[in-house]
1. Which pairs do you get when a residue that is without any contact (Cβ under 8 Å) to a residue 60 or more places away in the chain, found in the stretch B:76-87, comes within reach of a residue that is buried (at least 19 other Cβ atoms within 10 Å of the Cβ) and in a loop (DSSP other than H, G, I, E, B), reach meaning Cβ atoms under 6 angstrom, with the pair 6+ apart or on two chains?
2. Across the stretch A:41-83, what is the total count of residues that are in contact (Cβ under 8 Å) with a residue 24 or more places away in the chain and under 27 Å from residue B:107 (Cβ atoms)?
3. Return yes or no: is residue B:104 surrounded by fewer than 17 Cβ atoms within 10 Å (Cβ to Cβ) and either touching a helix residue (DSSP H, G or I) at 6+ places or on another chain (Cβ under 8 Å) or within 28 Å of residue A:5 (Cα to Cα) (or both)?
4. Go through the stretch B:28-62 and report how many residues are hydroxyl-bearing (Ser, Thr, Tyr) and assigned to a loop (DSSP other than H, G, I, E, B).
5. For the stretch A:20-57: of the residues being within 15 Å of the chain's Cα centre (by Cα) and over 16 Å from residue A:68 (Cα atoms), which is nearest to the other protein chains (Cβ to nearest Cβ)?
6. Can you tell me which residue is surrounded by the most Cβ atoms within 10 Å (Cβ to Cβ) among those in the stretch B:71-100 that are at pLDDT 95 or above and farther than 24 Å from residue A:37 by Cβ?
7. What are the pairs, 6+ residues apart or on separate chains, where a residue within the stretch B:31-60 that is within 22 Å of residue A:7 (Cβ to Cβ) and away from every other protein chain (no Cβ under 11 Å) has its Cβ under 9 Å from a residue that is small (Gly, Ala, Ser) and in a strand (DSSP E or B)?
8. I'm told residue B:65 meets every condition in (1) on the phi < 0 side of the Ramachandran plot; (2) outside any strand (DSSP E or B); (3) free of Cβ contacts under 8 Å to residues at least 24 places away in the same chain; (4) not hydrophobic (A, V, I, L, M, F, W, C) except one. Can you identify the failing condition by its number?
Amino acid sequence: DAGVTQSPTHLIKTRGQQVTLRCSPKSGHDTVSWYQQALGQGPQFIFQYYEEEERQRGNFPDRFSGHQFPNYSSELNVNALLLGDSALYLCASSPGGLGAFFGQGTRLTVV
Amino acid sequence: GENVEQHPSTLSVQEGDSAVIKCTYSDSASNYFPWYKQELGKGPQLIIDIRSNVGEKKDQRIAVTLNKTAKHFSLHITETQPEDSAVYFCAAVRFTGFQKLVFGTGTRLLVSP
């Protein structure tokens, strides 16, 4: 059983560009959350998707948006990239209840 | 909103010693407390969790304790091994059907042979 998979693993973008990160949840999990982890910090909650809708959002600007597909996979989009968006972006899936399982993350570098 | 404080930020122990990491939370309504281990270049891995109706939980060499009155919880690792070296994060969740993890700042554990 594959766990949570994320792609790509590493990405370099230029300021002002847009980026899309992808996540496939663990089999049987219908809820996907995204977190941003800056270097040396704990992960910060961006938003959560369930039944293809965003149902909870953290303190992130509208430049951060997402989508969930009928197969429960998800995308995170970030527009107008800033240097401060450089971080490890983590996807976590859960079966609707307690417990969240993380992917290996996508390391985004904005130059 | 919830705020989680974690200490120490770094912890160095000798192989075989015990390690204790402590966290405090601010939201008395938080009812679920997971602990994650993050190795270099990897995502956080759930290692143990505890719900608010339980005071202690143990799984082999690791245990977690919860004091709801004081709003703090701790991770205990006994008989540490070099492979326990990693960054450990505590988190608190106020689960109301939605699960938003609020993480502590992390503890870097180094176990020396």
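The values are calculated or read from the model by the stated rules, or taken from the named source; none is laboratory data. If you're wondering where the values come from, they're calculated on a predicted model, not measured in any experiment. Glycine also receives a Cβ, built like all others from the backbone with ideal geometry; neighbour counts cover every protein chain displayed.
1. Here the result reads B:87/B:106, each pair linking the stretch B:76-87 to a residue that is buried (at least 19 other Cβ atoms within 10 Å of the Cβ) and in a loop (DSSP other than H, G, I, E, B).
2. Summing the residues that are in contact (Cβ under 8 Å) with a residue 24 or more places away in the chain and under 27 Å from residue B:107 (Cβ atoms) in the stretch A:41-83 gives 3.
3. On the way: surrounded by fewer than 17 Cβ atoms within 10 Å (Cβ to Cβ): no; either touching a helix residue (DSSP H, G or I) at 6+ places or on another chain (Cβ under 8 Å) or within 28 Å of residue A:5 (Cα to Cα) (or both): yes.
Against the criterion (surrounded by fewer than 17 Cβ atoms within 10 Å (Cβ to Cβ) and either touching a helix residue (DSSP H, G or I) at 6+ places or on another chain (Cβ under 8 Å) or within 28 Å of residue A:5 (Cα to Cα) (or both)), residue B:104 does not qualify.
4. Step one: of the stretch B:28-62, the residues hydroxyl-bearing (Ser, Thr, Tyr) are B:28, B:30, B:32, B:36, B:52.
The next check asks that each one be assigned to a loop (DSSP other than H, G, I, E, B); those that pass are B:28, B:30, B:52.
The qualifying residues number 3.
5. Within the stretch A:20-57, the match that is nearest to the other protein chains (Cβ to nearest Cβ) is A:42.
6. B:80
7. From residues that are within 22 Å of residue A:7 (Cβ to Cβ) and away from every other protein chain (no Cβ under 11 Å), the pairs are B:40/B:86.
8. Of everything listed in (1) on the phi < 0 side of the Ramachandran plot; (2) outside any strand (DSSP E or B); (3) free of Cβ contacts under 8 Å to residues at least 24 places away in the same chain; (4) not hydrophobic (A, V, I, L, M, F, W, C), residue B:65 misses just condition (2).
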